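Trainee: I'd like to ask you about the structure that follows.
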Amino acid sequence: MKSKKQFFRKTAGTIVLGIMVMLFAACTKEPSKTEVIRLGDIPEEYLATLPYQNGDVIKMMHESNRQIINYHVSRGHFSSLDEPSGWYGSPVYDYQVYWITLKPDYPTFEMELFLSNEYMRYELEGLDASKTGYIVLANSDANVPFINTDATDYVMLDSLEVNGHTYYDVFKLDCDPDYTVTEGTIYAAICYYNYAKGFVGIEMSNGEKYWLCEE
Amino acid sequence: MKTKFLIIIALAFVTASCTKPTQSYYVQDSNRVWFADTANLKFTMRDDNGVSQSFSFADIDQYMSEQESYFMGIYVKDFEFEHVYQSGFSSFSTLNMSVSLTADHLEDEPEGTDDFRMDFGPAHYTMRIDGNKFYPRYCYEYDNDSEMEFMAEYLDKYNVYDVEYQGVMHLKLVDVAYPWMTNFPTEIYYAKHYGLIQCNLDDKLTLYRLPD
């Protein structure tokens with residue numbers, strides 16, 4: 001009886017000791033390190049293509065009844081980490097994203113603009129990268145080139161007259177409808193955008209139009 | 001003797017727990033007509049200023065909830081009751097909506113009515129219904145913790161953009177003067193088999209359903 005007790009005590013003690021050793025080994029093992037490459041800030045010349053400041057109020061006019069819609073601007077930025085590609089030893093890129101949101105005081109769509117320097121990771125990898133921001137509005141989105149030298153693939157109007165004002169170098173951007181769009185869904189089809197003013201006009205898929213309204 | 005009695009009680013308990021629900025409650029057929037038919041799930045609304053937006057609803061969904069009842073810790077009966085619901089969103093995400101019916105299972109007053117709820121943007125309307133008879137409870141707004149009174153009436157027909165809808169539910173807040181209201185549905189017209197046909201926001205802006 002006594003030897004059986006001793007046997008069980010020794011066995012239990014051995015098992016507990018083994019578990020403790022394993023746990024200790026697991027906790028002290030050095031985690032594998034992933035290289036993080038910081039891409040830095042977005043160049044100032046690209047940030048200059050963002051015309052909106054926090055607190056701005058932009059007026060857009062709906063063409064049919066000349067209803068004015070006030071859009072309230074907020075902007076900010078954050079750092080983002082690009083997930084590893086899955087290849088062992090792949091670096092992770094730390095890049096910046098600037099965002100601008102225009103919220104209406106009317107039951108209609110918001111507008112958003114995003115700019116990032118993620119393109120730098122492709123340049124570091126020796127790949128071609130287009131330097132574009134993108135806009136999101138009314139169930140669709142479109143790319144906006146950062147600077148004119150990247151704008152050769154885009155339609156640019158020398159000038160556009162809107163509500164008694166003339167705007168120059170206006171991109172006419174074809175918007176891509178998102179996955180929620182089905183037959184009959186109204187979405188933004190064309191967006192008119194320039195670096196000085198931002199959104200100058202929007203043509204919807206059902207023919208309705210919104211135009212910038214400045215005094 | 002005492003042991004035998006306890007065993008019998010335990011067996012009865014286990015048997016009762018393993019049986020299927022003894023009673024099922026279903027939403028009345030006369031209330032199911034308040035959901036949009038498959039052919040009417042996508043439509044466009046246009047407001048007083050000519051601004052349009054699309055609406056898209058999902059087909060009706062349905063499930064049964066089970067309820068167990070106990071008396072002094074002893075299982076007495078259980079029952080199941082039906083939920084039917086339908087939800088949709090506006091293309092600009094400004095006015096999302098859902099409508100649900102729950103079968104009467106608690107014998108709430110009035111007798112023979114189902115529980116009707118309509119979530120529309122920030123508004124949450126709740127009432128009991130029995131076909132064309134409505135018994136409003138309250139309209140609730142979560143952000144401002146406000147409970148508001150509303151009226152509900154049945155209209156044989158109602159015309160929107162030259163389309164005559166047969167069988168329309170008309171809901172309207174009794175008091176629309178709340179300072180925090182922004183894009184709040186203060187008045188709603190909701191047709192059998194079609195769903196939303198007209199609504200008024202903040203008692204200022206009206207949206208109308210366009211014909212197909």
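Derivation of every value follows stated rules applied to the coordinates shown; laboratory data play no part. Not measured: the values here are computed from a predicted model. FYI the Cβ positions are ideal-geometry reconstructions off the backbone, even for glycines, and counts take in every protein chain you see.
Trainee: How compact is region A:36-212 by the rule of thumb for globular proteins, expressed as Cα Rg over 2.2 N^0.38 Å?
Mentor: The reported ratio for this selection is 1.11.
Trainee: Pull up all non-local amide H partners of A:Asp56: gap of 5 or more, or a different chain, and H-to-H distance under 5 Å with H placed in the peptide plane.
Mentor: A:Val73
Trainee: Same structure again: Quick one: length gained pulling A:Lys5 to A:Asp128 fully straight, 0.36 nm per residue minus the C-alpha distance?
Mentor: Working: separation 123, 0.36 × 123 = 44.28 nm, distance 7.38 nm.
Difference between extended and current length: 36.9 nm.
Trainee: Further question: At a temperature of 20 °C and a viscosity of 1.002 mPa s, determine how fast region A:36-86 diffuses translationally according to Stokes-Einstein, using the Kirkwood radius over alpha-carbon pairs as Rh; express D in µm²/s, rounded to the nearest whole number.
Mentor: On the way: Rh = 14.7 Å.
The diffusion coefficient I find is 146 µm²/s.
Trainee: While we're on this one: Using only the Cα atoms of the protein assembly as shown, what do you get for the radius of gyration and for Dmax, in Å?
Mentor: 31.1, 105
Trainee: Does a label point 7 Å from the Cα of B:Lys157, set along Cα-to-beta-carbon, have any residues of region B:168-212 with amide nitrogen under 13 Å, and which are they?
Mentor: B:168
Trainee: How far is helix A:2-28 tilted off the main Cα axis of chain A, in degrees rounded to 10, range 0 to 90?
Mentor: Value to nearest ten degrees: 30.
Trainee: Now for a separate question. Compute the long axis of helix B:2-18 from its Cα atoms, compare it with the longest principal axis of the Cα atoms of chain B, and write down the angle in degrees, 0 to 90, nearest 10.
Mentor: 30
Trainee: Another question, if that's okay. Using amide H atoms built in the peptide plane, which far-off residues or other-chain residues are under 5 Å from B:Arg137 H to H?
Mentor: It is B:Thr126, B:Met127, B:Arg128, by chain and number.
Trainee: Follow-up question, since we're still on this one. Distance between the C-alpha centers of region B:111-177 and region B:23-58? Whole Å please.
Mentor: 14
Trainee: I need the calculated FRET efficiency for the pair A:Arg75 and B:Tyr142, taking r as the beta carbon distance and R₀ as 25 Å, to the nearest 0.05.
Mentor: 0.30
Trainee: Taking the Cβ-Cβ separation of A:Asn163 and A:Asp105 as r and a Förster radius of 22 Å, what is the calculated FRET efficiency to the nearest 0.05?
Mentor: 0.70
Trainee: List the chymotrypsin sites (Phe, Trp or Tyr not before Pro) within region B:140-184 that fall in a DSSP loop (any state other than H, G, I, E or B) and whose Cβ has at most 16 other Cβ atoms within 10 Å.
Mentor: Answer in residue order: B:Tyr142, B:Tyr161, B:Trp180.
Trainee: May I pose another question? Give the Debye-formula value of log10 I(q)/I(0) at each listed q (0.07, 0.10, 0.11 Å⁻¹), with one equal scatterer per alpha carbon of chain B, two decimals each.
Mentor: Debye intensities relative to I(0), on a log10 scale: -0.29, -0.52, -0.60.
Trainee: Moving to a separate point now. What nm distance separates the two modelled labels at A:Thr182 and B:Glu111, each placed 7 Å from Cα along Cα→Cβ?
Mentor: Going by the 7 Å Cα→Cβ label model, 4.3 nm.
Trainee: In whole Hz, with x marking every Gly and Pro, tabulate ³J(HN,Hα) for region B:29-42 from phi via Karplus 6.51 cos²θ - 1.76 cosθ + 1.60, θ = phi - 60°.
Mentor: 4, 5, 9, 5, 5, 7, 9, 6, 6, 4, 6, 10, 7, 10
Trainee: Out of residues 5 or more away from A:Asn117 or on other chains, whose amide H comes under 5 Å of its own, with H placed 1.01 Å from N in the peptide plane?
Mentor: Hits under the 5 Å cutoff: A:Gln96.
Trainee: Each residue of region B:167-178 in order: what ³J(HN,Hα) in whole Hz does its phi give by Karplus 6.51 cos²θ - 1.76 cosθ + 1.60, θ = phi - 60°, with x for Gly and Pro?
Mentor: Listing the rounded values in order: x, 10, 8, 10, 10, 8, 5, 5, 10, 9, 8, 10 Hz.
Trainee: How well do other chains shield peptide B:50-60, expressed as the mean number of their Cβ atoms within 10 Å of each residue Cβ?
Mentor: Per-residue shielding by partner chains comes out at 5.
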